[in-house]
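> Pasting a structure below so you can have a look.
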Amino acid sequence: MGIYQSALAGQRLSVPVRYEALEARAKEVMSPEAFDYVAGGAGSEATMRANLDAFQRWRIRPRMLRDVSARSLATTLLGQKLGAPVLLAPVGVQNIVHPDGEIAVARAAASVDVPIVLSGLSSFPMEQVAQAMGSTPRWFQLYWSSERDILTSLVQRAERAGYSAIVVTVDSTTIGWRERDLTRAYLPFLQGHGLGNYFSDPVFRAGLSEPPEQNPIPAIQRCAALFGHAAPRSWEDLRWLRSQTSLPILPKGVLRADDAARAVDEGMNGIVVSNHGGRQVDGSVASLEALPEIVEAVRNRIPILLDSGIRRGSDAFKALALGADAVLLGRPYVWGLGCAGQAGVRDVVLNFLADLDLAFGLSGYAGPGDLDEQAIVGATQ
Ligand code: FNR
């Protein structure tokens with residue numbers, strides 16, 4: 001109603017409502033290499049298509065004549081109360097999308113009280129991003145590196161800056177075969193983008209003969225070396241990480257029941273079911289396809305988050321109905337950032353939440369806690 005009424009007063013949203021139009025607008029305003037970096041996936045991009053198709057193979061079963069006028073999307077995740085089971089996915093190098101990058105996203109997220117998972121490869125240092133968020137919950141995503149001292153330093157900084165969980169990405173032992181970026185020979189990190197947490201890190205800086213502000217080249221090379229032999233290669237690495245922090249740890253990129261069960265056994269505090277938005281393995285199982293077997297294996301012992309292909313409220317509804325505790329919104333908010341900076345992210349997230357609320361209300365469910373097995377069914381064709 002807000003959208004309809006504002007339009008009467010001559011005010012328009014900063015971004016298109018439809019996802020497809022949002023992406024098209026972003027393409028118009030962003031540089032071609034930045035657009036392709038965000039839009040693209042691994043190889044033939046079959047995994048990206050599978051992510052979207054997977055949602056079409058489930059159908060919501062709306063139930064009628066339930067009074068769901070008192071609805072709430074609120075939920076509790078890892079002991080934190082959230083207004084909705086939605087977080088913003090870690091997306092690196094946001095300054096190639098918009099000069100205000102992660103700062104704009106953090107401000108927008110705080111303005112609508114939606115947590116972010118900050119990428120370890122953010123353009124701005126995590127402390128600066130934290131400052132832009134006030135008391136809104138924030139988590140930190142860690143990419144592994146070959147020097148454990150740097151990992152310890154990053155995790156300790158995250159603790160001090162008020163990040164309340166560590167998401168450790170396990171699907172990126174190396175970067176995927178991304179044909180769009182390979183065609184352009186474009187990798188933003190090699191141009192010094194997305195290294196804000198490293199350039200500001202005392203342990204990282206101690207290994208440099210010149211500070212990055214004076215000469216970025218050796219600093220960029222040092223980063224490339226850190227990621228070149230990146231792990232985590234085994235559960236032992238995660239056990240070591242466990243010994244470094246009291247924060248909850250959630251591996252991101254889990255796609256199989258056996259790995260999910262192992263995560264529980266290893267004392268992980270949650271998992272993120274994800275195929276990195278189709279950017280790592282071409283021809284991979286879709287995240288949503290993997291979800292049911294993982295829900296069965298985890299048996300409610302730790303929370304399960306899901307990303308990869310969440311575009312609209314009904315997608316999130318389906319993931320939640322299949323047993324996810326929360327979803328991560330990825331590319332949609334990045335397009336919002338590209339189109340209109342902070343206001344664009346805010347409008348994309350507000351639209352998404354309103355759409356999700358309607359998916360619940362019109363389907364006869366009062367909120368995530370009200371969902372039952374009857375809420376969803378596999379499509380027959
Ligand atoms: C990502 N993703 C990602 N994941 C992560 O753990 N650390 C990161 O730095 C990044 N960076 C990143 C950059 C870009 C441009 C994209 C599109 C994605 C993956 C991200 O967290 C999430 O898994 C996907 O975006 C989900 O797919 P959809 O829904 O965005 O298609």
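> Of the listed peptides 246-257, 355-366, what is their order by residue-averaged count of other C-beta atoms within 10 Å, with the highest listed first? Mind dumping the intermediate values first?
Working: 246-257: 20.4, 355-366: 18.8.
Per-residue mean Cβ counts within 10 Å order the peptides as 246-257, 355-366.
> Give me D for region 1-139 in µm² s⁻¹, whole number, from Stokes-Einstein with Rh from the Kirkwood sum over alpha-carbon pairs, 25 °C and 0.890 mPa s. Before the final figure, lay out the partial values.
Details: Rh = 18.2 Å.
My calculation gives 135 µm²/s for D.
> To continue, here is another question. Could you work out how much longer the chain between TRP177 and SER164 gets when fully extended? Use 0.36 nm per residue separation minus the Cα distance between them, nm to one decimal.
Details: separation 13, 0.36 × 13 = 4.68 nm, distance 3.24 nm.
The TRP177-SER164 span can extend by a further 1.4 nm.
> Follow-up question, since we're still on this one. Summarise the accessible area of region 209-362 (1.4 Å probe, protein heavy atoms) by the percent that is carbon and sulfur. Mind showing how you got there, number by number?
Values: 2810 of 5630 Å².
Within region 209-362, the accessible surface is 50 percent carbon and sulfur.
> Enumerate the helices in the chain for which the Kyte-Doolittle hydropathy averages 0.5 or more and the C-alpha atoms extend at least 24 Å along the helix's axis, using complete DSSP H runs.
Working: long enough: 331-363 (33 Å, 0.66).
Within the chain the helices that satisfy the rule are 331-363.
> Right, here's the next one. Highest mean first, how do 293-302, 316-325, 143-152, 275-284 rank when packing is the count of other Cβ atoms within 10 Å averaged over residues? Mind showing how you got there, number by number?
Values: 293-302: 16.2, 316-325: 24.4, 143-152: 18.6, 275-284: 22.3.
Put in order of decreasing packing, that is 316-325, 275-284, 143-152, 293-302.
> In addition: Within region 109-190, what whole-number % of the accessible surface is contributed by carbon and sulfur, with the 1.4 Å probe and all protein chains included in the calculation?
51
> Wrap a convex hull around the Cα atoms of region 234-308, take a quarter of its surface area, and give that in square nanometres. List each step's numbers first, then the result.
Numbers: hull surface 19.6 nm².
If you wrap the Cα atoms of region 234-308 in a convex hull and average its projections, you get 4.9 nm².
> Principal axes first, then extents: for the Cα atoms of region 113-218, list largest minus smallest coordinate on each axis, whole Å, largest first.
That works out to 41, 34, 25 Å along the principal axes.
> Okay, moving on. Kindly provide log₁₀ I(q)/I(0) values, in the same order as q = 0.06, 0.14 Å⁻¹, from the Debye equation applied to equal alpha-carbon scatterers of the chain.
-0.21, -1.26
> Give me the percent of the accessible area of region 11-62 that comes from carbon and sulfur atoms, probe 1.4 Å, all protein chains in place.
On the way: 1390 of 2800 Å².
Its accessible area is 50 percent carbon and sulfur atoms.
> Averaging sequence separations of C-alpha pairs under 8 Å and six or more residues apart, then dividing by the length of the chain, give the relative contact order as a whole percent. Mind dumping the intermediate values first?
Details: 753 pairs, mean separation 103.6, N = 381.
Rounded, it is 27 percent for the chain.
> Further, regarding this structure: Okay, helix-only estimate at 222 nm for the chain: each DSSP H run of n ≥ 4 adds -39500 (n - 2.57), divide by all residues, round to 500 deg cm²/dmol; what do you get?
Values: 16 runs with 168 residues, N = 381.
It comes out at -13000 deg cm²/dmol, rounded to the nearest 500.
> Seen from all sides and averaged, what is the projected area of the convex hull of the Cα atoms in region 145-272, in nm²? Provide the component values of the computation, followed by the final result.
Working: hull surface 34.9 nm².
Result: 8.7 nm².
> At a Förster distance of 25 Å, what's the computed FRET efficiency of SER200 paired with SER146, Cβ-Cβ distance as r, to 0.05?
Values: r = 19 Å, r/R0 = 0.77.
In this case the efficiency is close to 0.80.
> Would you mind computing, in nm to one decimal, how far apart the modelled labels at VAL285 and ASP237 are, each placed 7 Å from Cα along Cα→Cβ?
Inter-label distance under the simple model: 2.1 nm.
> From the convex hull of the Cα coordinates of region 276-381, what is the mean projected area in square nanometres? Mind showing how you got there, number by number?
Working: hull surface 32.8 nm².
Convex hull of Cα atoms, orientation-averaged projection: 8.2 nm².
> Follow-up. Give the accessible surface of the chain per residue, rounded to a whole number of Å², with probe radius 1.4 Å and ligands, DNA and RNA excluded.
Solvent-accessible surface per residue comes out at 43 Å².
> Right, next: Report the equivalent ellipsoid semi-axes for region 288-332 in whole Å, largest first, defined as the square roots of five times the eigenvalues of the gyration tensor built from alpha carbon atoms.
Details: eigenvalues 70, 18, 15 Å².
Value: 19, 9, 9 Å, ordered largest first.
> Across 10 Å bins from 0, what is the distribution of all Cα-Cα pair distances for region 1-50, in whole percents?
21, 35, 25, 16, 3
> Which number do you get for Rg(Cα) / (2.2 N^0.38 Å) in region 88-135?
Details: Rg = 9.4 Å, N = 48, 2.2 N^0.38 = 9.6 Å.
Normalised by 2.2 N^0.38 Å, the Cα Rg of region 88-135 equals 0.98.
The values are calculated or read from the model by the stated rules, or taken from the named source; none is laboratory data. As the structure is a prediction and not an experimental result, all values here were calculated from the model. Here Cβ is always computed from backbone atoms with ideal geometry, including for glycine, and neighbour counts include all displayed protein chains. Quick note on the areas: whole protein, heavy atoms, side chains included, nothing else; ligands and nucleic acids left out. Shrake-Rupley method; radii C 1.70, N 1.55, O 1.52, S 1.80 Å.
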